[in-house]
Amino acid sequence: MTYQDTELIEKILQLKKQRNAVILVHNYQLGEVQDIADFVGDSLELSQKAAATDAEVIVFCGVHFMAETASILCPDKIVLLPDIHAGCPMADMITAEKLRQRKRELPDAAVVCYVNSTAEVKAESDICCTSANAVKVVESVNATEILFVPDQYLGHYIATKTNKKMILWPGFCHTHIRIRPEDITMRKREYPQAKAIVHPECRPEVIALADEVLSTGGMCRFARETEVEEIIVGTEIGIIYRLRKENPNKKFIPASEQAICPNMKQITLEKILWSLEDMAFEVKVPEAIRLKAKGAVDKMLEVV
Ligand code: 13P
Ligand code: SF4
């Protein structure tokens, strides 16, 4: 660590205290950002932390929909996203207007919405889910037909685990589709003792080759608890930092070095400091939308 980094970190920690802020960090963030977190986790864990914190300010180191979820759950807190351009391209593959149109075509379907979506889309949905609880959420819905938005691959994975009729929105994650089935096959050949864990945003052909399909939080738990010493990791490579830090005696092999989410990498130590200095960029969901979206998020939190 350079002198500059140490100075930056000291300033962040000092200002964090003055502002009564908490720093929540997603598992895909840069290692140095993970290191200054109050909590590192997956989407579900982070929204649960946001809901429970008594800090006045939440600095969200992740992407826009995650900060929005925190704002939906904590209207009285100031939620800051250190780079307002850190978005999720998959969340932008659906709009509230397009969803309303599809709902008119499918009047009997319940809408289950992956948390990787805008507040407006959540507001049009019956219930939200994350990758950690998707199957459980879909099973909990009192309808036989489910319109699942926006990730077709997570939706496809759920469809293999439930008897519900799943109608899928054609969204996807640019980062996860970079992981190819050949990547898993090659890594397995190189490390024959290894177990492959993949995220449900991966393509079905990749999921078919995996030993476990897990959220990023599930991956961290699996790594801690397994006896296996070599693990092939099929998700965004930022998580490798945390896995190695927490399990120094195990070997973690990225399924593909191409699996990088550029949006997740927008958050840096400098931007976190500026964010706390200028109280920017505030993410706040308009009240009418927030109340509707909160209904869908709360329902999810009741299921898990
Ligand atoms: P997790 O909820 O599993 O952390 O996933 C979030 C995400 O954006 C995956 O691409
Ligand atoms: Fe969105 Fe994919 Fe990045 Fe996750 S990894 S934030 S789904 S673009």
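Scanning the range 90-130 for residues that are assigned to a loop (DSSP other than H, G, I, E, B), surrounded by fewer than 22 Cβ atoms within 10 Å (Cβ to Cβ) and of a type outside the set (A, V, I, L, M, F, W, C) returns THR95, PRO107, ASP108, ASP126.
Of the residues CYS61, CYS74, the single one that is farther than 17 Å from CYS113 by Cα and over 15 Å from the mean Cα position of the chain (by Cα) is CYS74.
Out of the residues in the range 89-113 that are in contact with a strand residue (DSSP E or B) (Cβ under 7 Å, 6 or more places away or on another chain), away from ligand 1 (no atom under 16 Å from the Cβ) and aliphatic (A, V, I, L, M), state the one that is farthest from GLY295 (Cα to Cα). Per the stated criteria, the residue is LEU106. Condition check for ILE240 on (1) within 16 Å of ligand 2 (Cβ to nearest atom); (2) out of contact with any Phe, Trp or Tyr (no Cβ under 8 Å at 6 or more places or on another chain); (3) without any contact (Cβ under 8 Å) to a residue 40 or more places away in the chain: one failure, at (2). The residues of the range 1-33 that are part of a helix (DSSP H, G or I) and in contact with a Phe, Trp or Tyr (Cβ under 6 Å, 6 or more places away or on another chain) amount to a single one, GLY31.
Considered as a group, the residues in the range 182-225 that are outside any helix (DSSP H, G or I) and over 24 Å from HIS156 (Cα atoms) include one that is nearest to ligand 1 (Cβ to nearest atom), and that residue is ALA194. For the range 273-282, how many residues meet the condition of being hydrophobic (A, V, I, L, M, F, W, C) and either in contact with an Asp or Glu (Cβ under 6 Å, 6 or more places away or on another chain) or over 17 Å from LYS77 (Cβ atoms) (or both)? Counting residues in the range 273-282 that are hydrophobic (A, V, I, L, M, F, W, C) and either in contact with an Asp or Glu (Cβ under 6 Å, 6 or more places away or on another chain) or over 17 Å from LYS77 (Cβ atoms) (or both) gives 2. Scanning the range 132-163 for residues being within 16 Å of ligand 1 (Cβ to nearest atom) and touching an Asp or Glu at 6+ places or on another chain (Cβ under 7 Å) gives a total of 4. Of all residues in the range 244-260, those satisfying the criterion of being more than 16 Å from ligand 2 (Cβ to nearest atom) and either crowded, with 19+ Cβ neighbours inside 10 Å or of a type in the set (S, T, N, Q) (or both) are ASN247, ASN249, PHE252.
Scanning the range 2-44 for residues that are more than 15 Å from the chain's Cα centre (by Cα) and of a type in the set (Ser, Thr, Tyr), which turns out surrounded by the most Cβ atoms within 10 Å (Cβ to Cβ)? Across the range 2-44, the extreme among qualifying residues is THR6. Within the range 64-83, residues that are touching a residue at least 40 places away in the same chain (Cβ under 8 Å) and assigned to a loop (DSSP other than H, G, I, E, B) reach partners that are aromatic (Phe, Trp, Tyr) and crowded, with 24+ Cβ neighbours inside 10 Å with beta carbons closer than 7 Å, at six or more positions or on different chains, in the pairs LEU81/PHE60. Highlighted here are the helices (runs of 4 or more DSSP H) found entirely within the range 228-304 that include at least 1 residues which are closer than 27 Å to PHE172 by Cα: 239-246, 287-303. Tell me which of these ILE237 doesn't satisfy, since it passes every other one: (1) surrounded by 21 or more Cβ atoms within 10 Å (Cβ to Cβ); (2) farther than 22 Å from LEU13 by Cβ; (3) within 14 Å of ligand 1 (Cβ to nearest atom). All conditions pass for ILE237, except number (1). Restricting the first member to the range 171-183 and to residues that are more than 21 Å from LYS98 (Cα to Cα), and the second to residues that are assigned to a helix (DSSP H, G or I) and more than 10 Å from ligand 2 (Cβ to nearest atom), the beta-carbon pairs closer than 6 Å and six or more apart or on different chains are ILE179/VAL206; PRO181/GLU205; PRO181/VAL206. Just one residue in the set ALA86, ALA51 is touching a residue at least 60 places away in the same chain (Cβ under 8 Å) and either away from ligand 2 (no atom under 14 Å from the Cβ) or over 30 Å from LEU168 (Cβ atoms) (or both); that residue is ALA51.
Bear in mind these aren't lab numbers, they're just calculated from the coordinates by the rules spelled out. This is a predicted model, so every value here is computed, not measured. Please note: Cβ atoms are built from the backbone with ideal geometry, for glycine as well, and neighbour counts cover all protein chains shown.
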